[in-house]
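*Asks:* Dropping a structure here in structure tokens format, bear with me for questions.
Please treat every number below as a calculation from the coordinates, not as lab data. Quantities reported herein were computed from a predicted structural model and do not represent experimental measurements. Methodologically, a virtual Cβ is constructed for each residue, glycine included, from the backbone with ideal geometry; neighbour enumeration extends over all protein chains shown.
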Amino acid sequence: MNKRQIKFRVWLIHWKKMLYPEGVHYFWSDCSMDFCDEEYHYDLMEGDYMPQQFTGLYDKNGKEIWEGDVVSLNEEGTYLVTWDEEDCLFKFGNSPVFEACAYKAKIMVIGNIYEHPELVGDGE
């Protein structure tokens, strides 16, 4: 059985910076998040951050595909990678990731919605 690696990255909203912390602690009592990177220790309140999860997939160049990424799929357009709470799965635009994986050789991460919102195009 292939086990998907569970890891998160965090977009710092006010600082407009993406971090890839080694550990993330979420506190349900006040919706705060606590994590460290190589330089700092962060203790953030809800509204200061946007966590995203690694999908467990890689694009054609071996780059990790994360929730919030914008991917080019089979040169048909650009798609935002999202988590669908209702169906409990990642999606590329409106398609479940597992359906899009049939095109794995042609999936390429071109950025993310936070650093490059202009990338989200016709496939969202």
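*Asks:* Express in nm, to one decimal, how much length is gained between His14 and Asp43 on full extension, taking 0.36 nm for each residue of separation and deducting their alpha carbon distance.
*Replies:* Details: separation 29, 0.36 × 29 = 10.44 nm, distance 1.35 nm.
9.1 nm is the gain from fully extending His14 to Asp43.
*Asks:* Take His14, His116 and order them by how many other Cβ atoms sit within 10 Å, fewest up front.
*Replies:* On the way: His14 9, His116 12.
Taking fewest neighbouring Cβ atoms as first place, the list is His14, His116.
*Asks:* If you take the beta carbon distance between Ile110 and Lys3 as r and set R0 to 25 Å, what does 1/(1 + (r/R0)^6) give as a FRET efficiency, to the nearest 0.05? Numbers along the way, then the final one.
*Replies:* Details: r = 28 Å, r/R0 = 1.11.
Taking R0 as 25 Å, the efficiency between Ile110 and Lys3 is 0.35.
*Asks:* Right, another one. Roughly speaking, what is the stretch gain from Asp30 to Met50, that is 0.36 nm per residue apart minus the C-alpha to C-alpha distance, in nm to one decimal? Mind showing how you got there, number by number?
*Replies:* Details: separation 20, 0.36 × 20 = 7.20 nm, distance 1.54 nm.
Result for the pair: 5.7 nm of gain on full extension.
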